[in-house]
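Data first, discussion second: the structure below is written as structure tokens.
The values are calculated or read from the model by the stated rules, or taken from the named source; none is laboratory data. Since the model is a prediction, treat every value here as computed from it, not as a measurement. All Cβ positions, even for glycine, are placed from backbone atoms using ideal geometry, and neighbour counts span all protein chains on display. Remember, those area values only see protein heavy atoms, side chains included, never the ligands or the DNA or RNA. Shrake-Rupley method; radii C 1.70, N 1.55, O 1.52, S 1.80 Å.
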Amino acid sequence: MNRRDFLKAAAGGAAVACTGGAQARGNLEPAPQAVGMLFDSTLCVGCKACVSKCKEVNGMPPVTLEGKEAWDWASDLSPKTLNVIKLYQHGEGNLKDQVENGFAFEKRSCMHCVDPGCVSVCPVTALRRHPVTGIVTFHVDACIGCRTCTTGCPYNVPHFDYDDPFGEIYKCQMCNQDGVRRIDNGQITGCAEACPTGATLFGSREALMKEAKRRMALKPGETYNYPMGDVSKPGSYHEKATPAYQDHIWGEKEAGGTNVLHISAVPFDKLGMPPLPERSYASISEGVQHTLYSFMALPAVALAGLTYVVRKNLDAPAEDADAIDDKGQEEDKS
Ligand code: SF4
Ligand code: SF4
Ligand code: SF4
């Protein structure tokens, strides 16, 4: 191989990497029997029964302030708190579900993304999306503690326990991890079970989406029987006048969609939800990774070419080596 042929081969490798190598994929589809929750901010009264129940189910201690041990003061997700209720407040803050001089509640826990960034970035599959239910779980046996998942989540959900020398990642696993298994045992999530108003509702993603769309279509002021517990088998109903919902189901499309859906009368940016594209970050980053890996074909081609030239020079008799050198010099001039 002379230098011209070698450069041609290298250019060919680059072209292959540039064209065929960029294998961007689309968003993943919801799992075939995806389960999730619907959080309706307009029903939430901020009682935090869901926070306490979540701690009970997951065996987590309350976050206490000195001298105030009787109350859980968790204000954000952490290794001790997998679910929090946050408050939006403006002006005098006395009008429920109003932007001006109003207030509203927002639930924060894992959204169980349809195409989860945490699963995509984990190098050892310690985070997994269940192929049937879509529940995203954490597997401590596989985790190497690299914490990459904490950067791959658009909702800042996974938290690493830095206080523990053998620290691990903590996030809501929809009450279906080893030692809990509520969903596999036919129960609903702890937070949905404890919610006294139906603000947190459990069910299949499909049924929850239909319920959310039904609420969107109601006229403000119309009375509606809000199901409580499980959307398909409600334990009871909460009768209430319908608010003026935002025409937006959070999780229908955001970053590929989520199995936990939110609806509200206050815009989601006021509730602190991040601006997200419809395309999942996992599909974008995996496309970039595949392109980069394809570009690694180029150094491989270069290495193979160099090895061939060096081998040929070492094996060739002295006069042949001179001839190769002369040819190379001629081509340099051209
Ligand atoms: S919200 Fe974050 S932690 Fe939960 S599934 Fe999505 S990417 Fe993973
Ligand atoms: S599903 Fe279970 S772990 Fe997740 S927020 Fe609700 S109670 Fe907590
Ligand atoms: S239990 Fe229900 S009403 Fe109470 S804070 Fe949680 S979501 Fe809101």
(request) Would you kindly give the portion of the calculated P(r) for the range 145-214 that falls above 15 Å, as a percent of all Cα pairs? (result) 68
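Within 12 Å, Cβ to Cβ, of Ala217, how many net charges do the neighbouring residues add up to if Lys/Arg are +1 and Asp/Glu are -1? Please report the intermediate quantities before stating the final value.
Numbers: positive: Lys210, Lys213, Arg214, Arg215, Lys219; negative: Glu211, Glu222, Asp247.
After counting each charged neighbour, the total is +2.
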(message) Taking the Cα centre as origin and putting +1 on Lys and Arg beta-carbons and -1 on Asp and Glu beta-carbons, what dipole magnitude results for the range 27-135, to the nearest 20 debye?
(response) 340
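In the structure shown, do any of Lys53/Lys96; Lys210/Lys240; Lys107/Lys210; Lys213/Lys233; Lys107/Lys213; Lys86/Lys270 have a Cα-Cα gap over 23 Å, and if so which? The partial results should precede the final answer.
Working: Lys53/Lys96 25 Å; Lys210/Lys240 19 Å; Lys107/Lys210 20 Å; Lys213/Lys233 18 Å; Lys107/Lys213 20 Å; Lys86/Lys270 11 Å.
Distance filter (> 23 Å) returns Lys53/Lys96.
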(request) Quick one: what are the phi-derived ³J(HN,Hα) couplings along the range 193-203, Karplus 6.51/-1.76/1.60 with θ = phi - 60°, whole Hz, x for glycine and proline? (result) 5, 7, 5, x, 10, x, 4, 10, 10, 9, x
(request) Using only the Cα atoms, work out Rg/Rh for the range 201-249, with Rh taken as the Kirkwood radius, to two decimals. (result) 0.96
(message) How large is the accessible surface of Ile249 in square angstrom, using a 1.4 angstrom probe and rounding to the nearest 10?
(response) 10
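Please list Arg128, Arg205 in order of solvent-accessible area, largest first, computed with a 1.4 Å probe with all protein chains present. Can you show the working numbers first?
Working: Arg128 95, Arg205 30 Å².
Final ranking, largest accessible area leading: Arg128, Arg205.
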(request) Round to the nearest 10 and report in Å² the accessible area of Asp72, as given by a 1.4 Å probe over the protein chains' heavy atoms. (result) 40
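Count the net charge of all other residues whose Cβ sits under 14 Å from the Cβ of Phe268, scoring Lys and Arg as +1 and Asp and Glu as -1.
Values: positive: Lys86, Lys107, Arg108, Lys253, Lys270; negative: Asp40, Asp97, Glu106, Asp247, Glu252, Glu254, Asp269.
Net charge around Phe268: -2.
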(request) Let me see the pair-distance distribution of the range 35-278: every alpha carbon pair, 5 Å bin width, integer percents in order. (result) 1, 6, 13, 18, 20, 17, 12, 7, 3, 1, 0
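What do the square roots of 5 times the Cα gyration tensor eigenvalues come to for the range 147-188, in whole Å, largest first, as semi-axes of the equivalent ellipsoid?
On the way: eigenvalues 116, 41, 8 Å².
Whole-Å semi-axes of the equivalent ellipsoid: 24, 14, 6.
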(request) Would you rank Thr64, Thr125, Thr151 by solvent-accessible area, highest first, keeping every protein chain in place and using a 1.4 Å probe? (result) Thr151, Thr125, Thr64
(request) For the range 243-254, just list the computed ³J(HN,Hα) in residue order, Karplus coefficients 6.51, -1.76 and 1.60, θ = phi - 60°, integers in Hz, with x standing in for Gly and Pro. (result) x, 8, 5, 5, 7, 7, 9, 5, x, 5, 10, 3
(request) Compute the signed sum of charges (Lys and Arg +1, Asp and Glu -1) over the other residues within less than 9 Å, Cβ to Cβ, of Phe39. (result) -1
(message) Could you sort Glu222, Glu278 by their accessible area in this structure, using a 1.4 Å probe and putting the largest first?
(response) Glu278, Glu222
(request) Report, in whole Å, the centroid distance computed from the Cα atoms of the range 120-176 and the range 63-109. (result) 24
